[in-house]
Amino acid sequence: MEFVILGLLILKNQTVYELNKAFQQGIALFYSASYGSLQTALKKLLQQGDIGYEEQVDRGRNKKVYIITDKGRGAFYTWMGSEIPTSRLESTALAKVFFLGLIESTQDKRYILQQIISQIEKVENELQQMDKGLQNVQVPAPYADILAYQIKTLDYGIRSHTFAKEWFEALLADLPPHTP
């Protein structure tokens, strides 16, 4: 969540209310956050020196407007280029795509997308191996129906990763050709 906040603060300085609204209006499609978790993440980012804030008065009310620091900007761009843990693959990959427009270099965009595709392929292959291993499993009759539906959920996982890989490959293909 911290890196999503940093990305939003690169776009513009924001209050916690505005950040919460940004999550609700778009980011929530792939990354959910409560008001409390946003406040916790902001506190952590402040302690790390990744963000600061300005106190402003708006219609007689004090409010904090959060601002990204150079350190936070560096942390964000490092995260954009880092490998995604497979445990958070979908939400992190989509968060990186959400902010891909902040990356100036087509080559860097290509690298980020290729890393995502590589991780998707890794998980997809693991799921396919699991599926192969389950195809010949013999279970007692009372459990056959249970196993059949468990295999269906595995099939869903394989198909969703296949779709994701194709989607990210199309996104990669849409980038302008590499120029020297």
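The values are calculated or read from the model by the stated rules, or taken from the named source; none is laboratory data. For clarity, every value in this text was computed on a predicted model and none was experimentally measured. A quick note on method: Cβ atoms are made from the backbone with ideal geometry, for glycine too, and the neighbour counts reach across all protein chains shown.
Things to note:
- Tally, over the range 62-85, of residues that are of a type in the set (S, T, N, Q) and more than 15 Å from the chain's Cα centre (by Cα): 2
- Note on the range 1-43: residues that are surrounded by fewer than 19 Cβ atoms within 10 Å (Cβ to Cβ), in a helix (DSSP H, G or I) and not polar (S, T, N, Q) total 12.
- Residues (closer than 21 Å to Tyr53 by Cβ and among the aliphatic types (A, V, I, L, M)) located in the range 4-32: Val4, Ile5, Leu6, Leu8, Leu9, Ile10, Leu11, Val16, Leu19, Ala22, Ile27
- Close pairs (6 angstrom Cβ cut-off, 6 or more residues apart or separate chains): farther than 16 Å from Glu166 by Cβ in the range 114-142, assigned to a helix (DSSP H, G or I) anywhere: Asp131/Leu154; Leu134/Ile151; Val139/Leu147
- Among the conditions (1) under 30 Å from Glu121 (Cβ atoms); (2) at pLDDT 90 or above, Asp70 misses just one, which is (1).
- Residue match in the range 68-84 (condition: assigned to a strand (DSSP E or B) and touching a residue at least 60 places away in the same chain (Cβ under 8 Å)): yes
- Only one of Leu147, Leu134, Leu154, Leu46 that is surrounded by fewer than 17 Cβ atoms within 10 Å (Cβ to Cβ), touching a strand residue (DSSP E or B) at 6+ places or on another chain (Cβ under 9 Å) and in a helix (DSSP H, G or I): Leu46
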